[in-house]
1. Output yes when any residue across the range 176-199 is at pLDDT 95 or above, more than 28 Å from Arg126 (Cα to Cα) and of a type in the set (Ser, Thr, Tyr), and no when none is.
2. Please state which one of Gly203, Gly265, Gly217, Gly258 is at pLDDT 95 or above and on the phi > 0 side of the Ramachandran plot.
3. Can you name the residue in the range 257-281 that is in a helix (DSSP H, G or I) and under 17 Å from the mean Cα position of the chain (by Cα) and is also surrounded by the fewest Cβ atoms within 10 Å (Cβ to Cβ) among such residues?
4. Is it true that Ala191 is over 21 Å from Gly18 (Cβ atoms), assigned to a helix (DSSP H, G or I) and free of Cβ contacts under 8 Å to residues at least 24 places away in the same chain?
5. Just for the range 20-39: of the residues that are in contact with a Leu (Cβ under 7 Å, 6 or more places away or on another chain), crowded, with 24+ Cβ neighbours inside 10 Å and not hydrophobic (A, V, I, L, M, F, W, C), which one is nearest to Gly63 (Cα to Cα)?
6. Sort out which residues of the range 291-302 are within 19 Å of Phe239 (Cβ to Cβ) and either without any contact (Cβ under 8 Å) to a residue 12 or more places away in the chain or among the acidic types (Asp, Glu) (or both), and write them in order of number.
7. Only one of these conditions is not met by Phe272: (1) farther than 30 Å from Ala139 by Cα; (2) touching a helix residue (DSSP H, G or I) at 6+ places or on another chain (Cβ under 9 Å). Which number is it?
Amino acid sequence: MTLQGKVALVAGATRGAGRGIAVELGAAGATVYVSGRTTRDRGSEYDRPETIEETAELVTAAGGKGVAVPADHLVAEEVRALVERLRRDEGRLDVLVNDIWGGEKLFEWNKPVWDHNLDNGLRLLRLGIDTHLITAHFALPLMIERQGGLLVEVTDGTADYNARNYRLSPFYDLAKTSVLRMAWAHAKDLAPHGATAVAITPGWLRSEMMLEAFGVGEDNWRDATTKVPHFVISETPRFVGRAVAALAADPDVARWNGQSLSSGGLAQVYGFTDLDGSRPDAWRYLDEVEAAGKPADATGYR
């Protein structure tokens with residue numbers, strides 16, 4: 001699998017899934033522009049140490065070329081400038097990954113709309129939906145200048161799972177299901193231009209924030225299963241990164257146009273693994289084990 005000569009933009013690549021996707025695109029040989037709000041000189045309300053410069057360095061270390069470009073994807077002029085730089089420096093865009101989020105500290109679990117902080121909920125929707133539309137508005141015209149472009153909308157949950165399950169709060173639920181529909185809609189517009197749009201979800205992601213919340217690191221993440229047993233099905237951000245890289249390298253990627261995909265599901269198709277050599281199938285596990293009230297056991301699911 002090679003993406004030599006391909007140019008990707010991972011919007012929202014500071015940490016988590018975005019960072020994992022950027023690194024795996026780089027490992028396949030792509031030039032990867034990584035954007036986000038947190039740089040070594042400028043922070044965000046997240047107040048976390050990860051930066052887009054670090055992500056770009058990881059992309060380059062993996063074998064690609066990482067380019068960090070600061071951008072707040074709620075600010076149209078910053079996104080316009082980002083795409084203009086892409087056009088000026090590269091003259092092409094082959095893969096656009098919309099992983100912009102920023103809502104972890106805004107949603108309140110299991111609260112109805114009347115109890116949820118309204119300002120936080122509305123900002124969550126702007127961060128989770130408006131950013132994706134703004135980025136697509138400016139970046140897709142460059143992508144469709146060549147046949148075979150790929151748009152990946154990153155969300156949480158498959159279309160099937162989210163249709164059957166309430167996702168934490170009305171605001172979070174709407175943000176994550178909207179991205180699924182957004183990918184479907186973009187697919188209709190992109191198909192006549194020979195381009196493809198998909199939605200993709202990781203499983204239970206061992207992001208930097210998740211590991212920190214559970215008081216573990218990547219080297220001892222299994223220690224968290226003593227308190228959160230179903231964490232046994234979790235996966236690294238690189239797993240969904242490998243899923244995106246496999247899609248980007250697939251000459252028949254158009255077969256997925258408009259579909260809702262998952263890292264675990266695509267691993268069964270393309271044969272890639274997580275860093276530990278396993279293939280965690282989180283969404284099937286959540287249905288068949290956790291929701292069924294069975295004891296935590298990932299046997300047969302990774």
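1. no
2. Every option except Gly258 fails the conditions.
3. Gly265
4. Here the answer is no, as Ala191 does not meet what is asked.
5. Here the residue is Tyr33.
6. Once the filter is applied, which keeps residues that are within 19 Å of Phe239 (Cβ to Cβ) and either without any contact (Cβ under 8 Å) to a residue 12 or more places away in the chain or among the acidic types (Asp, Glu) (or both), the range 291-302 yields Thr299, Gly300.
7. Phe272 satisfies all of (1) farther than 30 Å from Ala139 by Cα; (2) touching a helix residue (DSSP H, G or I) at 6+ places or on another chain (Cβ under 9 Å) except (1).
Yes/no per residue for (1) free of Cβ contacts under 8 Å to residues at least 40 places away in the same chain; (2) in contact with a helix residue (DSSP H, G or I) (Cβ under 8 Å, 6 or more places away or on another chain); (3) small (Gly, Ala, Ser); (4) closer than 21 Å to Thr201 by Cα:
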{"position": "Gly18", "(1), (2), (3), (4)": "no, yes, yes, yes"}
{"position": "Gly29", "(1), (2), (3), (4)": "yes, no, yes, no"}
{"position": "Ser35", "(1), (2), (3), (4)": "no, yes, yes, yes"}
{"position": "Asp47", "(1), (2), (3), (4)": "yes, no, no, no"}
{"position": "Gly66", "(1), (2), (3), (4)": "no, yes, yes, no"}
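The values are calculated or read from the model by the stated rules, or taken from the named source; none is laboratory data. These numbers come from a predicted model, not from an experiment. Cβ: placed from backbone, ideal geometry, glycine included. Neighbour counts: every protein chain shown.
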